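Peer 1: Here it is: the structure, laid out below.
The values are calculated or read from the model by the stated rules, or taken from the named source; none is laboratory data. On a predicted model such as this, the values are computed, not experimentally measured, just so you know. So basically every Cβ, Gly included, is an ideal-geometry build from the backbone, and we count neighbours across all protein chains shown. Heads up: the accessible areas ignore ligands, DNA and RNA and are worked out on the full protein's heavy atoms, side chains in. Shrake-Rupley method; radii C 1.70, N 1.55, O 1.52, S 1.80 Å.
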Amino acid sequence: VLCFATSSFVAQGRVFVQAPVMPTKEEVAKHSTEDDCWVIIGDEAFDCTRYLANHPGGKRIILEYAGKDASHDFDIAHNRKVIKKYGLKFGTVTNMGKVS
């Protein structure tokens, strides 16, 4: 299951879901703490806050990239498929959308 940040509103008793919100690099940079940790990998932003405690390499390495683009160093150590396999699949990582 992929989760994307979306916005919704109610009008005339009906719920409307708008297209996914595309975070900017500036928005991602605001999420740079242990309690609110987003990283950019490729062209997508991921909320990794709930994954920090589960990362086999420890949370410190993810926190080094909190609010930043981690693509280069992520790709050195991982196949991108691990995001889905160990994070998205278990709900500990949330895809926040493509970075605009």
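Peer 1: Taking θ = phi - 60°, what integer Hz values does the Karplus form 6.51 cos²θ - 1.76 cosθ + 1.60 yield along region 43-53, in sequence order, with x for Gly and Pro?
Peer 2: 10, 10, 9, 10, 8, 9, 3, 6, 8, 3, 5
Peer 1: Roughly how many debye, to the nearest 20, is the charge dipole of region 48-100 about its Cα centre, given +1 on each Lys and Arg Cβ, -1 on each Asp and Glu Cβ, and no other charges?
Peer 2: Working: 10 positive and 4 negative charges, 60 e Å.
The calculated dipole for region 48-100 is roughly 280 debye.
Peer 1: Taking θ as phi - 60°, what are the ³J(HN,Hα) couplings along region 65-71 by the Karplus curve (6.51, -1.76, 1.60), each to the nearest whole Hz, with x for Gly and Pro?
Peer 2: 9, 4, x, 10, 7, 9, 3
Peer 1: Next question, about the same structure. Let me check I have the definition right: for region 40-100, take the eigenvalues of the Cα gyration tensor, multiply each by 5, take square roots. What are those semi-axes in whole Å, largest first?
Peer 2: Numbers: eigenvalues 46, 38, 27 Å².
Those come to 15, 14, 12 Å.
Peer 1: Using 20 Å as the Cα-Cα cut-off, could you pick out the over-long pairs in LYS25/LYS89; LYS25/LYS98; LYS25/LYS84?
Peer 2: Violating the 20 Å Cα-Cα cut-off are LYS25/LYS89; LYS25/LYS84.
Peer 1: Residue farthest toward the positive end of the dipole of region 25-100, with Cβ of Lys/Arg at +1 and Asp/Glu at -1: which of ALA29, GLY91, ILE62?
Peer 2: Of the options given, the answer is GLY91.
Peer 1: Roughly speaking, to the nearest percent, how much of region 19-100's 1.4 Å accessible area is carbon and sulfur? Working shown, then result.
Peer 2: Details: 2820 of 4970 Å².
The value for region 19-100 is 57 percent carbon and sulfur by accessible area.
Peer 1: A further question on this structure: Mind listing which GluC sites (Glu not before Pro) in region 15-82 are in a DSSP loop and have 13 or fewer other Cβ atoms within 10 Å? Write out the running numbers ahead of the final one.
Peer 2: Values: sites: GLU26, GLU27, GLU34, GLU44, GLU64; in loops: GLU34.
Of the GluC sites (Glu not before Pro), the ones in loops of region 15-82 whose Cβ has at most 13 other Cβ atoms within 10 Å are GLU34.
Peer 1: What distance in nm lies between label points placed 7 Å from Cα along the C-beta direction at ASP73 and GLU34?
Peer 2: 1.7
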